[in-house]
Structure formats: C-alpha cells, structure tokens
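Everything on this sheet refers to the single structure shown next.
The values are calculated or read from the model by the stated rules, or taken from the named source; none is laboratory data. For clarity, every value in this text was computed on a predicted model and none was experimentally measured. Here Cβ is always computed from backbone atoms with ideal geometry, including for glycine, and neighbour counts include all displayed protein chains. Keep in mind that these areas ignore ligands, DNA and RNA; they rest on the heavy atoms of the full protein, side chains included. Shrake-Rupley method; radii C 1.70, N 1.55, O 1.52, S 1.80 Å.
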Amino acid sequence: MDVRHLKNILAVMELGSLNKAALKLGVSQPALTKSIQRLEAQLGVALFTREAKGMRATIYAESLSDYARATCVGMEQSISEIHALKNGSSGFVSIGAPPLITAHVLPEAIVRITSSFPNLRVKVIEQTDGLFTSLLEGQFDLLAATITSAVPRHFLNRMWLFDDYLGVIAKRGHPVTRLKSPRAKDLTKFRWVFSNVGNLHRRRLEQYFESENTPLPLPIAEMSAPNLVKSIVLQSDCIGFVAKMGVQSELDEGLMEFVKIESPFMLRPIGLIWRSNSQLSAAAKNV
C-alpha cells in the first residue's frame with residue numbers, strides 16, 4: 001500500500017473536498033482522484049461518496065484512518081531519523097504526559113537519560129485530554145500515562161513501569177486516618193472536596209461508590225486543580241481524593257496522611273505507550 005495514497009485520503013477526509021485537498025497536497029485534482037480510485041480498487045471498497053457539499057468518508061475510510069495516520073507518521077519519523085544519522089545531528093524524542101506525571105515522574109527520568117546520552121534532546125508536551133489521539137497523530141513519540149482499557153490495543157503498544165493508587169487524603173490526625181480499610185459508607189460521614197465532574201479521578205470515585213451501592217457524598221466544593229484540593233484539606237476538616245503520587249512530598253513531611261481504599265478502581269498502572277505501526281526512533285528507545 002503506497003503511503004502517498006494514504007496521505008491523499010487523509011487530506012480529503014480532513015478537508016471534505018477533492019479540490020481543497022489537491023491544493024494542500026500540491027497535486028492536480030485528476031491525479032488525486034486517480035490515486036483514490038487505485039486504493040479503492042486495491043481494497044475493493046468505496047472510500048468516499050460524493051455529496052452536494054463535497055466528499056464524505058465511508059465507514060471503510062474511517063476504519064482505515066488510524067492506520068493511515070500511524071503509517072504516515074512512522075514514515076516521516078524514519079526519514080527524519082535517517083537524515084539525523086546521516087548528518088550526525090543529535091537525537092530527539094518528544095514525550096507527552098498529563099500534568100501529574102509531568103511533574104512527578106519525568107524530571108528524574110529526563111535527568112537520568114540526558115546524563116547517559118548527552119546528545120539526546122527531549123521535548124515534553126503536557127496535555128490532559130485526547131492523549132491517545134495525539135499520539136496516533138504523531139504529536140509526540142512516547143506517551144507516559146495511566147494504562148487503562150481506553151488504550152486502543154490494535155494501534156498502541158504499552159510497557160508497565162509502576163503502580164500508583166488513588167485514595168483519601170486528610171491532614172494529620174484526622175478521624176478518617178484511624179479507619180482501617182474503610183468502605184464507602186464509612187466515608188460518607190466526612191466533609192469532602194472533589195475534582196470537577198468529568199475528571200478521571202472523580203469518575204473512579206463515582207464508580208467505587210456505585211459498586212458499593214452507596215450514594216456519593218455531596219462535596220462542599222468542586223475544583224479542577226489538585227493543588228487546591230490539597231490546600232483546602234490542609235486548612236480544614238475536609239477530606240479529598242487524589243493520586244498518591246501527587247501528595248508524596250506532603251506525606252514525607254508528615255503534613256497529611258493517605259488512606260488507601262481496597263478497590264480495583266483505585267489502581268493506576270503507569271507506563272509508556274507508543275504507536276505499534278511505527279518503529280521507535282533510536283532516541284526514543286533510550287528512554
């Protein structure tokens with residue numbers, strides 16, 4: 001399958017127009033049409049249907065799109081690496097990660113890697129939403145994130161690094177810290193501060209309470225910043241719900257305590273994720 005054909009269908013899918021796609025690609029419209037027809041003949045299916053407003057991708061084109069993106073990105077990455085090796089330039093790797101992992105995992109890793117490979121350059125892209133899509137689109141080489149069932153196995157590889165846990169935090173000496181393996185009903189007795197609705201941690205907590213057939217407590221406040229949750233917990237009798245990784249320094253200093261909840265919803269496997277349809281660069285393999 002010719003990579004040029006894949007680039008062509010992605011351009012038509014993005015722009016919804018043969019004319020606009022041809023202009024973007026720098027080819028003639030007849031040449032673009034012929035390229036799409038050749039790929040359709042090879043696959044034995046129609047990839048687009050003509051409509052009054054332009055070209056609409058069929059279910060077959062949608063199914064092919066992730067593979068096409070990964071293949072095109074992998075080819076561009078390979079060419080770039082060949083040029084880098086030919087020119088003797090430094091290696092380069094880009095890593096995407098959500099804020100918590102960016103702050104608590106990557107600094108030590110980057111120092112270690114760049115000390116061993118002084119010519120390696122690392123670019124960190126901090127992102128919260130759409131991490132897997134961005135990885136497939138080639139916005140970074142590696143993703144450091146929680147490995148969940150949402151990782152599409154057909155397109156992405158993963159490597160487990162360590163386990164983190166979600167749990168209850170409270171200031172030192174708070175009554176909740178005296179509970180051993182608390183259940184959901186035990187936790188309804190306290191005042192809470194939560195992350196906003198839709199937050200991944202909030203969803204885990206909601207799933208846990210639902211599994212225990214217990215209504216989720218009403219929080220006194222909801223917020224998006226984990227640091228604000230920690231600040232309120234330290235200054236009040238409220239309890240919060242965060243990843244243990246994010247409060248390790250406060251735990252080490254004895255400012256607060258972490259109460260572990262026995263539930264599979266609390267497990268956060270952290271690992272590296274990369275595209276399965278593209279070869280990791282030499283620089284990325286050093287990570």
Those residues of segment 29-61 which are without any contact (Cβ under 8 Å) to a residue 12 or more places away in the chain and open to solvent by 60 Å² or more (accessible area, probe 1.4 Å) amount to GLN29, PRO30, LYS34, GLN37, ALA41, GLY44, ARG50, GLU51, ALA52, ILE59
State the number of residues belonging to segment 209-255 that are of a type in the set (Ser, Thr, Tyr) and not in a helix (DSSP H, G or I).
3
For segment 114-144, which residues satisfy the criterion of being in contact (Cβ under 8 Å) with a residue 24 or more places away in the chain and either within 12 Å of GLY91 (Cα to Cα) or touching a Lys or Arg at 6+ places or on another chain (Cβ under 6 Å) (or both)?
PHE117, ASN119, LEU120, ARG121, VAL122, LYS123, LEU136, GLU137
The condition from (1) modelled with pLDDT under 80; (2) closer than 17 Å to LEU135 by Cβ that LEU106 misses is numbered (1)
Which numbered condition CYS238 misses (of (1) modelled with pLDDT of 95 or more; (2) open to solvent by 50 Å² or more (accessible area, probe 1.4 Å)):
(2)
When residues of segment 175-192 are filtered for being of a type in the set (Gly, Ala, Ser), part of a loop (DSSP other than H, G, I, E, B) and touching a helix residue (DSSP H, G or I) at 6+ places or on another chain (Cβ under 6 Å), how many remain?
0
Of (1) at pLDDT below 85; (2) in a helix (DSSP H, G or I); (3) under 22 Å from ILE59 (Cβ atoms); (4) open to solvent by 20 Å² or more (accessible area, probe 1.4 Å), MET1 satisfies every one except (2)
Number of the exception - SER80 against (1) in a helix (DSSP H, G or I); (2) open to solvent by less than 60 Å² (accessible area, probe 1.4 Å); (3) among the hydroxyl-bearing types (Ser, Thr, Tyr); (4) modelled with pLDDT under 85:
(2)
Would you mind telling me which numbered condition in (1) within 17 Å of the chain's Cα centre (by Cα); (2) closer than 21 Å to MET245 by Cα; (3) open to solvent by 10 Å² or more (accessible area, probe 1.4 Å) GLU137 fails?
(2)
May I ask you to list the residues in segment 1-39 that are charged (D, E, K, R) and within 13 Å of THR71 (Cβ to Cβ)?
ASP2, ARG4, LYS7
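Every residue, every condition in (1) outside any helix (DSSP H, G or I); (2) out of contact with any helix residue (DSSP H, G or I) (no Cβ under 6 Å at 6 or more places or on another chain); (3) closer than 25 Å to GLY74 by Cα, yes or no:
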site: LYS7; (1), (2), (3): no, no, yes
site: LEU10; (1), (2), (3): no, no, yes
site: VAL27; (1), (2), (3): yes, yes, yes
site: ARG50; (1), (2), (3): yes, yes, no
Name the residues in segment 193-208 that are touching a Lys or Arg at 6+ places or on another chain (Cβ under 8 Å) and part of a loop (DSSP other than H, G, I, E, B), would you?
ASN196
All positions within segment 140-157 that are open to solvent by 70 Å² or more (accessible area, probe 1.4 Å) and more than 15 Å from ILE270 (Cα to Cα)
ARG153, HIS154
Restricting the search to segment 12-25, which residues are closer than 17 Å to CYS72 by Cβ, in contact with a strand residue (DSSP E or B) (Cβ under 7 Å, 6 or more places away or on another chain) and open to solvent by less than 30 Å² (accessible area, probe 1.4 Å)?
VAL12
Restricted to segment 158-182, and to residues that are crowded, with 17+ Cβ neighbours inside 10 Å and of a type in the set (A, V, I, L, M), which residue is nearest to LEU106 (Cα to Cα)?
LEU166
